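This report concerns only the one structure given below.
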Amino acid sequence: MSPLITAAELRDASAVVVLDATWNLMGPPGREAYDAGHVPGAHFVDLDTELAGPPGEGGRHPLPDASVVTELLRRTGIDAGSEVVVYDAANSMAAARARFVLRYYGVENVRVLDGGFAAWKAAGGEASTTAPADVESAFEAVPGSLRVLDAEGAAEIASQGVLLDARAPERFAGEVEPMDKVAGHIPGAVNAPTTGNVSADGRFLPAEELRERFAALGADGSQPVGAYCGSGVTAAHEALALEVAGVEVPVYVGSWSEWITDPNRPVATGRD
């Protein structure tokens with residue numbers, strides 16, 4: 001099954017749990033956009049408090065505690081057999097993080113609405129301003145269903161395979177750094193801005209185009225591949241794009257914001 005679902009497919013689906021993960025790194029809060037209009041029946045999920053733990057030594061968006069995810073699953077009625085669709089405003093950056101977290105904690109059937117809420121509206125989908133009531137399930141989140149990378153694992157892939165850095169070129173190069181205290185990238189990493197995974201309307205490029213894009217960077221599955229970014233959000237989008245292309249990769253969840261917490265870890269700059 002594709003990790004993506006179209007707006008038309010979602011409209012025709014039944015018994016699907018829909019989650020709105022709309023989030024903006026620089027604001028305004030995603031809840032405001034959700035309240036202004038969302039897919040009917042969609043539950044809002046907050047990336048900062050439900051899809052990430054408190055910032056600290058583990059980076060700006062470490063994985064949330066299992067108890068937090070358990071509460072999320074139970075209030076939205078997700079159980080072991082649920083079909084889940086997650087979306088955000090358009091480009092699926094936050095939705096990819098939501099899918100990653102849910103799958104890491106044991107929810108198997110999770111797809112991303114390709115093109116997000118913008119695609120839903122473009123396809124004639126209705127918008128609701130009513131939040132659904134909480135429902136109940138007995139699902140318990142158990143970590144470990146997906147392989148993830150720590151700093152050492154990321155460094156190993158950077159030296160022996162292809163570690164993709166999903167940030168913008170200027171952040172990769174260390175020319176600017178709006179979020180973290182240190183600029184640059186993990187030595188040996190290859191820049192693959194996640195914005196290149198989608199078209200102007202926020203939909204993912206066709207699988208063949210994504211395969212060609214990643215193959216040109218050496219990420220064709222013939223050697224170890226991993227993904228990271230600033231704090232583990234857009235890295236999940238990179239991993240999703242790679243999955244669409246047919247390559248399964250682990251994510252370094254702590255990403256750059258965790259890497260730099262240890263001053264002994266090396267830092268590279270420049271676009272090469």
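The values are calculated or read from the model by the stated rules, or taken from the named source; none is laboratory data. Note that the coordinates shown come from a computational prediction; the quantities given were computed from them, not determined experimentally. Methodologically, a virtual Cβ is constructed for each residue, glycine included, from the backbone with ideal geometry; neighbour enumeration extends over all protein chains shown.
In the set GLY116, GLY106, which member is outside the structural domain of THR195 (by TED's automatic domain parsing), on the phi > 0 side of the Ramachandran plot and out of contact with any helix residue (DSSP H, G or I) (no Cβ under 7 Å at 6 or more places or on another chain)? Steps first, please.
On the way: GLY116 fails: out of contact with any helix residue (DSSP H, G or I) (no Cβ under 7 Å at 6 or more places or on another chain).
Testing whether each residue is outside the structural domain of THR195 (by TED's automatic domain parsing), on the phi > 0 side of the Ramachandran plot and out of contact with any helix residue (DSSP H, G or I) (no Cβ under 7 Å at 6 or more places or on another chain) leaves just GLY106.
In region 64-115, what residues are of a type in the set (S, T, N, Q) and under 18 Å from the mean Cα position of the chain (by Cα)?
If the condition is that a residue be of a type in the set (S, T, N, Q) and under 18 Å from the mean Cα position of the chain (by Cα), then ASN91, SER92, ASN109 are the ones that fit.
Do the conditions hold for ALA98, that is, is it closer than 22 Å to GLU71 by Cβ and buried (at least 19 other Cβ atoms within 10 Å of the Cβ)? Quick ask: steps written out before the conclusion?
On the way: closer than 22 Å to GLU71 by Cβ: yes; buried (at least 19 other Cβ atoms within 10 Å of the Cβ): yes.
Spelling it out, ALA98 is indeed closer than 22 Å to GLU71 by Cβ and buried (at least 19 other Cβ atoms within 10 Å of the Cβ).
Take TYR34 and tell me if it is surrounded by 22 or more Cβ atoms within 10 Å (Cβ to Cβ), in contact (Cβ under 8 Å) with a residue 12 or more places away in the chain and out of contact with any Phe, Trp or Tyr (no Cβ under 6 Å at 6 or more places or on another chain). Walk me through it before giving the result.
Working: surrounded by 22 or more Cβ atoms within 10 Å (Cβ to Cβ): yes; in contact (Cβ under 8 Å) with a residue 12 or more places away in the chain: yes; out of contact with any Phe, Trp or Tyr (no Cβ under 6 Å at 6 or more places or on another chain): no.
So TYR34 fails the test.
Within the bounds of region 104-117, is there any residue that is touching a residue at least 12 places away in the same chain (Cβ under 8 Å), surrounded by fewer than 21 Cβ atoms within 10 Å (Cβ to Cβ) and not in a loop (DSSP other than H, G, I, E, B)? If you could, list the steps in order and put the result at the bottom.
Taking region 104-117 and keeping what is touching a residue at least 12 places away in the same chain (Cβ under 8 Å), we get 104-117.
Of the ones still in play, those that are also surrounded by fewer than 21 Cβ atoms within 10 Å (Cβ to Cβ) are 106, 108-109.
Filter once more, keeping what is not in a loop (DSSP other than H, G, I, E, B): none.
No, region 104-117 has no match at all.
If you go through region 1-23 one residue at a time, how many are in contact (Cβ under 8 Å) with a residue 40 or more places away in the chain and either assigned to a loop (DSSP other than H, G, I, E, B) or farther than 18 Å from THR129 by Cα (or both)?
Within region 1-23, the subset in contact (Cβ under 8 Å) with a residue 40 or more places away in the chain is 1-8, 10-11, 13, 15-23.
Cutting the leftovers down to either assigned to a loop (DSSP other than H, G, I, E, B) or farther than 18 Å from THR129 by Cα (or both) gives us 1-8, 10, 13, 15-16, 21-23.
Of the residues in region 1-23, 15 are in contact (Cβ under 8 Å) with a residue 40 or more places away in the chain and either assigned to a loop (DSSP other than H, G, I, E, B) or farther than 18 Å from THR129 by Cα (or both).
Scan region 201-228 for residues that are under 18 Å from the mean Cα position of the chain (by Cα) and of a type in the set (Lys, Arg) and jot them down.
Listed by number, the list holds a single entry, ARG203.
Working only within region 69-93, note down all residues that are touching a strand residue (DSSP E or B) at 6+ places or on another chain (Cβ under 7 Å), within 11 Å of PHE139 (Cβ to Cβ) and either of a type in the set (Asp, Glu) or in a loop (DSSP other than H, G, I, E, B) (or both).
If the condition is that a residue be touching a strand residue (DSSP E or B) at 6+ places or on another chain (Cβ under 7 Å), within 11 Å of PHE139 (Cβ to Cβ) and either of a type in the set (Asp, Glu) or in a loop (DSSP other than H, G, I, E, B) (or both), then GLY77, ILE78, SER82 are the ones that fit.
Quick one: which residue in VAL107, VAL101 is out of contact with any Pro (no Cβ under 9 Å at 6 or more places or on another chain) and of a type in the set (Val, Ile, Thr)? Don't jump to the end; show me each part of the working.
On the way: VAL101 fails: out of contact with any Pro (no Cβ under 9 Å at 6 or more places or on another chain).
So the residue among VAL107, VAL101 that is out of contact with any Pro (no Cβ under 9 Å at 6 or more places or on another chain) and of a type in the set (Val, Ile, Thr) is VAL107.
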